[in-house]
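Down below is the structure, laid out as structure tokens.
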Amino acid sequence: MNPLCGACTDCRVPPTVTVPRTVQAAQQPWPRIIAVELADANAQLLRHLFGKLAVPAEVMHAGGSNTTEGYAIDPDVPVGHEMGMLQLAGVGRVPLVTADHVAESRGLDNITFLTIDTEGHDSLVLLGARQLLSARRVRVLQFEYHERGLWGPVPFY
């Protein structure tokens with residue numbers, strides 16, 4: 001078994017059609033991709049995959065939140081895994097960022113697609129995108145809702 005990207009073992013046979021990276025890059029300019037990842041193992045995996053696939057992206061090892069003050073705990077999870085709930089045990093402190101701060105510090109006027117998947121803490125990230133959202137600077141917003149974390153007491157149905 002020789003996985004193509006190294007992220008999993010699902011790929012057993014190379015794809016039948018390949019397009020050289022130089023052709024891919026010439027056909028369509030890439031959007032600006034900024035990934036915020038709490039778990040260091042996953043941040044490293046994202047950097048590896050973006051590099052291997054020639055996707056120009058910035059990976060921030062940080063925790064998305066409603067504040068930039070304080071720290072989150074870097075969860076000690078295996079690469080590629082998500083945590084079910086934020087645990088107070090981990091391998092180190094990780095800075096917190098807000099979507100508003102990331103956009104401002106990177107000079108982003110608008111966000112085409114903002115996706116949030118923080119395992120039940122998505123509402124904090126939404127609060128951290130308050131300026132972007134109230135100014136209608138996010139074209140598409142996707143977030144996960146389940147009855148974990150801070151969503152537990154919020155009735156959406």
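Taken over segment 42-62, the criterion of being at pLDDT below 90 and crowded, with 17+ Cβ neighbours inside 10 Å is satisfied by N42 alone. In segment 4-12, is there at least one residue being farther than 30 Å from D109 by Cα, modelled with pLDDT under 85, open to solvent by 80 Å² or more (accessible area, probe 1.4 Å) and out of contact with any Ser or Thr (no Cβ under 8 Å at 6 or more places or on another chain)? Looking for residues that are farther than 30 Å from D109 by Cα, modelled with pLDDT under 85, open to solvent by 80 Å² or more (accessible area, probe 1.4 Å) and out of contact with any Ser or Thr (no Cβ under 8 Å at 6 or more places or on another chain), one finds at least one in segment 4-12, hence yes. Residues in segment 76-89 that are more than 15 Å from A43 (Cα to Cα) and either of a type in the set (G, A, S) or modelled with pLDDT of 95 or more (or both): G84, A89. Residues of segment 63-72 that are assigned to a strand (DSSP E or B) and surrounded by fewer than 14 Cβ atoms within 10 Å (Cβ to Cβ): Y71 alone. If you go through segment 91-118 and keep only what is surrounded by fewer than 19 Cβ atoms within 10 Å (Cβ to Cβ) and not in a loop (DSSP other than H, G, I, E, B), you end up with G92, R93, P95, H101, E104, S105, T112, F113, T115.
The values are calculated or read from the model by the stated rules, or taken from the named source; none is laboratory data. Quantities reported herein were computed from a predicted structural model and do not represent experimental measurements. So basically every Cβ, Gly included, is an ideal-geometry build from the backbone, and we count neighbours across all protein chains shown. With ligands, DNA and RNA removed, areas are computed over all heavy atoms of the protein, side chains included. Shrake-Rupley method; radii C 1.70, N 1.55, O 1.52, S 1.80 Å.
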